[in-house]
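The values are calculated or read from the model by the stated rules, or taken from the named source; none is laboratory data. All of these numbers come straight from a predicted model, not from anything done at the bench. FYI the Cβ positions are ideal-geometry reconstructions off the backbone, even for glycines, and counts take in every protein chain you see. The protein model used for the area step is the full one, side chains on, heavy atoms only, and it has no ligands, DNA or RNA in it. Shrake-Rupley method; radii C 1.70, N 1.55, O 1.52, S 1.80 Å.
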Amino acid sequence: MALVLILSGIVFLDKALFTTFNCNLPEAEGQPEPVDDSPHHDSAEPDLPNFQISLSALLQTLQIFGAADATTSRFSKLDNDGYNSNIRPGRPNAFSNQALGMAAVCRLSYTGIGSPFSIILEESGVTTTCNLNTYEPESPEEIPFQRDSMQVKIIMQARWLFDAISELSSTSPSRLDITASPNAPYLSLSAVGPLGSASVEFAKGRELLETFTVAEKWTQSYKFEMIKAAAEAMRLASKVSVRGDEQGVLSLQFMVEVEGGGVSFVDFRFVPYLRDEDEDDGEASHDEEYEYEDEEPL
């Protein structure tokens with residue numbers, strides 16, 4: 001038995017989001033001959049940079065110019081009905097664009113294995129350089145998601161999902177049950193916890209569910225605290241793609257529109273609770289240790 005990831009988050013930043021983007025990869029040396037004889041396989045393709053940094057240190061660095069707000073709690077109702085971006089929230093501060101009248105510049109650089117991840121912030125003639133230590137990744141493997149065997153694919157406005165999770169969180173639930181069916185109710189979110197249970201159902205219609213593809217009834221359960229980890233992405237995103245494969249892995253992919261017309265994507269993947277086949281959907285058993293054989297999810 002082996003412990004595996006139960007939650008992972010991936011952010012995709014398009015090259016168009018950067019003013020300048022340079023990536024100079026070293027040439028591969030001493031690589032073994034590939035077993036695959038496919039003409040599309042490039043034996044000289046170098047390894048992409050892969051390193052780990054402290055997330056808390058990165059957030060503290062970005063807060064120098066107000067790029068993140070650690071005091072904003074999840075599901076808190078902010079101005080504009082809680083759907084405004086939390087980037088530079090509230091009143092201007094000493095380093096804000098409103099106060100200084102000019103935009104800040106952020107430069108990110110990484111020279112190679114063992115080198116620090118450098119962040120250079122420039123604004124109003126003030127330059128701050130932060131070098132973050134880099135480490136070998138502890139968990140390089142991602143939670144596998146089988147795109148070729150998806151059971152559920154639903155595209156909807158992210159604010160609808162944000163509202164649903166916000167309402168369900170009031171019951172202090174421990175797990176979230178997600179059910180998608182080709183028949184009514186088409187999409188149901190049910191929260192179960194010590195204070196009771198609650199559910200939210202979505203009717204099938206383009207005003208709520210822009211895309212709805214479900215081959216057969218699909219029901220899985222997830223730890224509610226893990227779903228809450230995606231709350232900020234729900235609040236900032238314009239749309240969300242809810243996908244589930246035959247293993248029960250859930251993918252919530254958020255489309256976040258960036259100032260200037262750019263788009264970035266944030267993908268959260270969740271491993272489901274273990275469920276006994278002979279148990280009813282409403283009384284699924286759960287393995288709190290999240291143990292799986294051969295490092296594979298359900």
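If you put +1 on each Lys and Arg Cβ and -1 on each Asp and Glu Cβ, how big is the dipole of region 114-248 around its Cα centre, in Debye rounded to 20?
Dipole about the Cα centre, nearest 20: 520 debye.
Ranking request for peptides 155-163, 12-20: highest mean number of other beta-carbon atoms within 10 Å first, then the rest in descending order.
Answer by packing, highest mean first, reads 155-163, 12-20.
How would you rank 263-274, 178-189, highest first, on the average number of other Cβ atoms within 10 Å across their residues? Spell out each step's value before the answer.
Numbers: 263-274: 20.4, 178-189: 17.2.
Descending mean neighbour count gives 263-274, 178-189.
Hey, what's the per residue convex hull volume over the C-alpha atoms of region 126-209, in cubic angstrom?
On the way: hull volume 20.0 nm³, N = 84.
Per residue, the Cα convex hull of region 126-209 comes to 238 Å³.
May I ask you to give the percent of accessible area on region 229-271 that is carbon plus sulfur, with a probe radius of 1.4 Å?
51 percent
Mind ordering 105-118, 233-246 by average Cβ neighbours within 10 Å, highest first?
233-246, 105-118
Taking all protein chains as present, what is the carbon and sulfur share of the accessible area of region 124-164, in % to the nearest whole number, probe 1.4 Å? Display every interim value, and only then the final one.
Values: 1050 of 2510 Å².
That share works out to 42 percent.
R175's amide H: which non-local residues (gap 5+, or another chain) put their own amide H closer than 5 Å, with H modeled 1.01 Å from N in plane and none for Pro or chain starts?
Residues meeting the amide H criterion: V192, F224.
Send over a whole-number figure in Å² for the accessible area per residue of region 185-273, probe 1.4 Å. Walk me through the numbers on the way to the answer.
Values: 3740 Å² over 89 residues.
Normalised by residue count, the accessible surface of region 185-273 is 42 Å².
Any lysines with Cα under 17 Å of the K153 Cα? List them, leaving off those in the same chain fewer than 8 positions away.
Correct list for K153: K204, K217, K239.
Would you kindly derive the ³J(HN,Hα) couplings of region 241-247 from the backbone phi angles with the Karplus curve 6.51 cos²θ - 1.76 cosθ + 1.60 (θ = phi - 60°), listing them in order in whole Hz, with x for Gly and Pro?
Result, rounded to whole Hz: 9, 9, 10, x, 9, 6, 6.
Hey, can you grab everything whose amide H is under 5 Å from the amide H of K217? Only 5+ residues off in sequence or another chain; H modelled, so Pro and N-termini drop out.
The answer is none.
Using the Karplus curve 6.51 cos²θ - 1.76 cosθ + 1.60 with θ = phi - 60°, what ³J(HN,Hα) values do you get for each residue of region 165-178, in whole Hz, with x for Gly and Pro?
Listing the rounded values in order: 5, 4, 5, 5, 5, 5, 8, 6, x, 9, 9, 10, 9, 10 Hz.
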